[in-house]
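Each remark here refers to the structure printed beneath this line.
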Amino acid sequence: MRIPIFQVDAFASEVFRGNPAALCPLPRWLDDSTMQAIAAENNLPETAFFVREGDGYRLRWFTPTVEVELCGHATLAAGWLLLERLETTRVAVAFATRSGVLEVRRADGGSLALDLPALPASPMAAPPALAEGLGAAPRETLRATNWLAVLDDESAVRAVKPDFATLATLHPYGVIVTAPGDGCDFVSRFFGPSFGIPEDPVTGSAHCTLTPFWAARLGKRQLRARQVSRRGGELSCEDRGDRVRLAGRCALYLEGEIAL
């Protein structure tokens, strides 16, 4: 069996930046164990599989160790692959997922816009493992689908040296650290060691929480964000109430075939 595979760097205008995703368009679903094995072999933050369903597609995401409920960067990458390579006459594509219908649409300046659910966080006292795992005491802690730790400034976010074993004890929650940015509205990093992702380069789903948080804090709906991982990534974010719109670019790194 030969399965097409593409690797796309999402939220990046050039390769070796942003967040890499492997993409496998399928004529029909493989069994779950095979998809998980492919994701483990790829050893990227996410491998996405999609199958046509009506006028759109059904999309699933796998880290090297588990299937996840929501992944922004691999959805943007899948949208790029369809709109720029496989179905170039389309202006938008809708994906049915575990988190509802997510749309990727052509946007201004050659970027793509991704529609995601808003996941606002509520203030919550954090367990000791959070500060211990970050090696820093947050000024605020909140929780939605992940812990959100607010630090003083961008330099504090960049300086975090996480203890991944300790942060993994917070499962089923990952950890977002954030602060006001230098030259942008806010910066962040994301750690998900219990999901097989010690540090994610650019995390679209984290911005489902970061966007409403900073929109309320800064009193603005349109925000510019930077994820300050080693690879780094740039995102344009818009708070739309119960939805979040993220815009960014993608760069194709490779294409080939998996031989099974």
### Query
So, with +1 on the Cβ of K and R and -1 on the Cβ of D and E, and no other charges, what is the size of the charge dipole of the chain about its Cα centre, to the nearest 20 debye?
380
### Message
Below 8 Å, C-alpha to C-alpha, sequence gap of six or more: please give me the relative contact order for the chain in percent.
### Response
23
### Task
Indicate the gyration tensor shape class of segment 24-66 (rounded, prolate or oblate), computed on the Cα atoms with a ≥ b ≥ c the square roots of the eigenvalues: a/c under 1.5 is rounded; otherwise a/b larger than b/c is prolate and the rest oblate.
prolate
### Task
Answer with one residue from 252, 147, 167: the one whose Cα lies farthest towards the positive end of the charge dipole of segment 132-254, charges on Cβ with Lys, Arg +1 and Asp, Glu -1.
252
### Message
Output wanted: per-residue J couplings in Hz (rounded whole) for segment 180-187, from phi through Karplus 6.51 cos²θ - 1.76 cosθ + 1.60, θ = phi - 60°, x for Gly and Pro.
### Response
x, x, 8, x, 8, 6, 7, 10
## Note on the structure
Length gained, residue 155-residue 108, 0.36 nm per residue minus C-alpha separation, equals 13.8 nm
### Summary
tail above 19 Å in the computed P(r) of segment 122-241, as % of all Cα-Cα pairs, reads 40
#### Entry: In Hz, Karplus ³J(HN,Hα) per residue of segment 135-145 (6.51, -1.76, 1.60; θ = phi - 60°; x = Gly, Pro)
x, 7, 9, x, 6, 8, 10, 9, 8, 10, 7
### Query
Which parts of segment 39-82 would a label at residue 92 reach, counting a residue when its backbone N lies under 16 Å from a point 7 Å out along Cα-to-Cβ?
55-57, 76, 79-80
### Message
Using only Cα atoms and rounding to the nearest 10 degrees, what angle (0 to 90) does helix 207-218 make with the longest principal axis of the chain?
### Response
40
### Message
Among 129, 223, 72, which residue has its Cα furthest toward the positive end of the charge dipole of the chain, with +1 on Lys/Arg Cβ and -1 on Asp/Glu Cβ?
### Response
223
### Message
With a 10 Å cut-off between alpha carbons and a GNM built on the chain, which of 30, 70, 235 moves the most?
### Response
30
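Where a number appears in this text, it was derived from the coordinates with a stated rule and is not lab data. Treat the numbers as computed from the prediction; the structure is a model and nothing was measured. In this analysis, Cβ positions are derived from the backbone assuming ideal geometry, glycine residues included, and neighbour counts consider all displayed protein chains.
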